[in-house]
Amino acid sequence: TRVIANGIDGAGLRARAARSRQGGTQDAGGGGAPVLVAAGRLTRQKGFDLLLQALPAVVAQRPDLRVLIAGEGPERRALAGQAERLRLQERVRFLGARDDLEALFAAADGFVLPSRSEGSPYVLLEAMALGLPVVATEVGGVPAMLDGGANGLLVRAEDPPALAAAILSLVQFPQAAKRRAELARQAIAGPLSASRMADATADFYADVLQ
């Protein structure tokens, strides 16, 4: 068995983000308040309900926090109801399906991946490529993608208090978050690049076909 890590064209993604940045800036708003983005299909697997459970503890210390959730799915109504019960209507926006995630990422201060299970999610690669500080759960290939936590904050899955603590750390210590994000961006240019993935795939086929 040979494992070939997913890769992404970071330079191309950054170019698209620069061209479409205005739309993301409008969604993020202004005023210097921290803005976090979460994105994916609105299903139980993706753990957006866990993110909402974590947010009251974060908002208690950072009432100016805003969270943008991009995506559609069968849990949309339940998640909106949960946000209302937790009195997060003014803090959380459900943006629906978006084809300009790179613009949202470029305008945000952090990315949260609260999933219960994952493989090697491209949405995480996109956030890393754009230099966005990351909080993610320790599921699937995510720990390897974040180099065991060197390139982003890792928390246990299905643990809203731990998720809240990590989000607060990202918001309260932005310089440390930016240093981890820069390491993640460098990984996209190296072992997690699209060209590296293509070369590894070609090498595999060459070995097999010999």
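Within the full protein context, the accessible area of M145 is estimated at about 10 Å² for a probe radius of 1.4 Å. Top mean-square fluctuation among L163, L192, L86, Gaussian network model of the chain, C-alpha springs under 10 Å? Top of the fluctuation ranking is L86.
Based on DSSP H runs of at least 4 residues, each adding -39500 (n - 2.57), what is the mean residue ellipticity at 222 nm of the chain after dividing by all its residues, to the nearest 500 deg cm²/dmol?
The per-residue figure over the chain is -15000 deg cm²/dmol.
Out of the total accessible area of segment 1-129 (probe 1.4 Å, heavy atoms of protein only), what percent is carbon and sulfur?
Details: 2790 of 6080 Å².
Here carbon and sulfur together make up 46 percent of the probe-accessible area.
Placing pseudo-labels 7 Å out from each Cα toward the beta carbon at Q82 and F94 gives an inter-label distance of 1.1 nm.
The A57 and E182 beta-carbon pair, evaluated with R₀ = 30 Å, returns a calculated FRET efficiency of approximately 0.60. Give the separation of the Cα centroids, segment 54-70 to segment 116-193, in Å. First find each Cα centre; the distance between them is then 18 Å. Over all Cα atoms in segment 2-149, the spread is summed up by Rg and Dmax: 14.9, 48 Å.
How large is the charge dipole for the chain, taken about the Cα centre, if only the Cβ atoms of Lys, Arg (+1) and Asp, Glu (-1) carry charge, to the nearest 20 debye?
Values: 24 positive and 22 negative charges, 98 e Å.
So the dipole magnitude of the chain works out to roughly 460 debye.
Within segment 132-175, the percentage of alpha carbon pairs spaced more than 16 angstrom apart rounds to 32%. Measuring r between the beta carbons of S169 and Q45 and using R0 = 25 Å, the FRET efficiency lands at 0.50. Helix 48-61 and the longest principal axis of the C-alpha atoms of the chain enclose an angle of approximately 60°.
With +1 on the Cβ of every Lys and Arg and -1 on the Cβ of every Asp and Glu, and nothing else charged, how large is the dipole of segment 156-204 about its Cα centre, in debye rounded to the nearest 20?
On the way: 6 positive and 5 negative charges, 54 e Å.
Computed charge dipole of segment 156-204: roughly 260 debye.
State whether segment 140-209 is rounded, prolate or oblate according to the following rule on the C-alpha gyration tensor (a ≥ b ≥ c being the square roots of its eigenvalues): a/c under 1.5 gives rounded; otherwise a/b larger than b/c gives prolate, and the remaining case gives oblate. Oblate, since a/c reaches 1.5 and b/c is not below a/b.
Here the spin labels are modelled as points 7 Å beyond Cα on the Cα-Cβ line, and at Y205 and A5 they lie 2.3 nm apart.
If you place +1 on the Cβ of every Lys and Arg and -1 on the Cβ of every Asp and Glu, how big does the dipole about the Cα centre of segment 104-210 come out, in debye to the nearest 20?
For this selection, approximately 320 debye.
The angle between the Cα long axis of helix 10-19 and the longest principal axis of the Cα atoms of the chain comes to about 40 degrees, rounded to the nearest 10.
The values are calculated or read from the model by the stated rules, or taken from the named source; none is laboratory data. Computed from a predicted structure; not experimentally measured. Neighbour counts run over all protein chains shown; Cβ positions are idealised from the backbone, glycine included. What goes into the accessible areas is simple: the full protein's heavy atoms, side chains included, and nothing from ligands, DNA or RNA. Shrake-Rupley method; radii C 1.70, N 1.55, O 1.52, S 1.80 Å.
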